[in-house]
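Report on the following structure.
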Amino acid sequence: KPRRRPPPRPKPSAEPSAPTYTRDVVRRVTNILRDHPWSAARPLLLSLPGLVWDSHVVARVLKTHPPLQKAFLFFRLAASSPTPGAAFRHDRYTYTSMLHLLGEAGRVPAMLHLLAEMLRAGVDPDAATFTTVMHWLARAGDVDAAMRVWEEMRSRRGKCRPTLVSYTACVKILFDAGRAAEGRRVFEEMVAEGLRPSCTTYTVLIEHLADAGKFQATLQIMSDMQDAGVEPDKPLCNILVKKCASAGETSVMTFILQHMKEKGIVLRRPVFLEALEALKASGESPNLLWEVNPHLASEGMEYDPTFSHLSCITDRSTIIYLLASRNWSAIEQMVNELTTRNVKFESHILSDIIQASCANCRPSCGLTVLYYSLRVGSELDRSAYSCLLGQYIRNDSFDLVSKIVERLIKHGCNLGAYLLSVLILRLGSAGHSSYAAHIFGLSPADQNVITYTALMNAYFQAGEVDKALELFSQMITNEISASAGTYEVLIYGLQKAGRKQDSDRYRRERMEMQWHRQYRDKHSPEDSLCDHLFCGFHG
């Protein structure tokens, strides 16, 4: 019989595609929001493979802290994106994440507006939502509004019951506001509800008692929390040691250090140095302090300049790492700590932080770095000043711009005539001639034809023609010659105001000035820059 041919082997099936994990999708979305303008980011997001528009993914993206403006646009895009099956609707998780971003950025009115929108949409806030709003209202200084939010949450016990975190946040808000009696009542209500205080709750109580000088009561609270099975953690011990060092309470500090030694808890270096100074001032031995912190207990450490140098290197490396990871909140906290230690950093690093924070829509971090640089005496690049001032001008924070410039000039920072003139121009374009005049008067050394012309333009923009003409007369009286750019601003401003006769007179003066100047071989740099800025400039 003929041999039967074997059946054909089945072709190997294609390899299954690699699974798409949510963390990878969230990382790609965050990178798109950080690295692209919104006009380019929007189509990339809509065509991103693996992106599912649901509550979990949207909330996780918002919790990565992308730039605020693009985060809000992403929040709006999620609600309008085409979702297979059913349209996506924001829930309490996505709303709470966006409320947190707005509150953290200090946009309290926008946060309250979004909360009202959430209620209109029929989304019931939970305890996390109310706690977030309450926290940021208190941080903004409106404790009464925070307490109204607290009462609203308590009135919704059928739908929303305050959690341990909510009670702890409320107690801290009241203690920080000096309303200790109300804070104690809230704490008693929490215990009556059957909620067991956490270490964070005890930390709030102990910090309040330490601020009031009741250090023996703090030891009693620590004993009570240990009896309840809650061990003091590292943040609590560091806070209490710092408070004791500031008040000179070395006996209570010794008790806490003994507990830290038993549990293997160490101090942060700034707290360690404060405790060391307090023990030295009281004449007590620092041996226990060094036993608790063996990594800092080198002999003669406080007098060794090399230690200070190594510490500076560590701080510098940490700042650079935080800048690379764009952790603006951590940078702000670290810069505030460096300010208390009076540590001086390189100017180029501070300038890079300001420019990067402004590029990522976090000007509050840049403002913190600016105030730090003024305190330690570091002069930054003018590009850093320009970025920070430009960010606040775009946000219409003209009052803050004026205060920043005033503080810079008082500390001896030379902004230069060009930067001042650009600031005056932007303020004038926004109709704030009073702020422009204030900035002009802050730096008499930079009052030349450029800044005079810029302020004239600001007055014309605000419709204050007489002030502009008075300023021109003052400039001539101060023996500052007008340039072609100055006459351009005068002629256009007078024409716009309907004063044709005056504009014709200054047009004749400009022709006469140009006729005389054509025989000059050299022009001053101020005249050339003024002509470059204002010739052909109309508002």
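The values are calculated or read from the model by the stated rules, or taken from the named source; none is laboratory data. Computed from a prediction, not measured in an experiment: that's the story for all the values here. Virtual Cβ from ideal backbone geometry, glycine too; neighbours counted across all protein chains shown. Surface accessibility is based on the protein's heavy atoms, side chains included, excluding ligands, DNA and RNA. Shrake-Rupley method; radii C 1.70, N 1.55, O 1.52, S 1.80 Å.
Brief remarks follow.
- Note on region 347-391: residues that are aliphatic (A, V, I, L, M), open to solvent by less than 10 Å² (accessible area, probe 1.4 Å) and either touching a Gly at 6+ places or on another chain (Cβ under 9 Å) or free of Cβ contacts under 8 Å to residues at least 24 places away in the same chain (or both) amount to 4.
- Subset of region 18-37 that is of a type in the set (A, V, I, L, M, F, W, C) and closer than 17 Å to Arg60 by Cβ - its residue that is surrounded by the fewest Cβ atoms within 10 Å (Cβ to Cβ): Val25
- The set of residues in region 27-70 that are in contact with a Cys (Cβ under 9 Å, 6 or more places away or on another chain) and among the aliphatic types (A, V, I, L, M) contains only Leu68.
- Number of positions in region 313-346 that are farther than 24 Å from Pro66 by Cβ, open to solvent by 40 Å² or more (accessible area, probe 1.4 Å) and out of contact with any Phe, Trp or Tyr (no Cβ under 9 Å at 6 or more places or on another chain): 9
- For Ala275: the one exception among (1) under 31 Å from the mean Cα position of the chain (by Cα); (2) open to solvent by 60 Å² or more (accessible area, probe 1.4 Å): (2)
- Test result for Gly485, modelled with pLDDT of 75 or more and open to solvent by 10 Å² or more (accessible area, probe 1.4 Å): no
- Residue in region 192-204 that is closer than 22 Å to Gly103 by Cα and within 32 Å of the chain's Cα centre (by Cα) present: yes
- Checking region 499-512 against the condition returns no match, with no residue being open to solvent by less than 50 Å² (accessible area, probe 1.4 Å), among the aliphatic types (A, V, I, L, M) and part of a helix (DSSP H, G or I).
- Given (1) of a type in the set (Gly, Ala, Ser); (2) touching an Asp or Glu at 6+ places or on another chain (Cβ under 9 Å); (3) assigned to a helix (DSSP H, G or I), index of the condition Gly390 fails: (2)
- Against the list (1) over 29 Å from the mean Cα position of the chain (by Cα); (2) in contact (Cβ under 8 Å) with a residue 40 or more places away in the chain, the condition Arg161 fails is (2).
- Residue within region 289-296 that is within 28 Å of Ser251 (Cα to Cα) and modelled with pLDDT under 75 present: yes
- Boolean, Ala40 is assigned to a helix (DSSP H, G or I), crowded, with 18+ Cβ neighbours inside 10 Å, at pLDDT 85 or above and not polar (S, T, N, Q): no
- Subset tally (residues that are at pLDDT 90 or above and in contact with an Asp or Glu (Cβ under 8 Å, 6 or more places away or on another chain)) for region 66-99: 2
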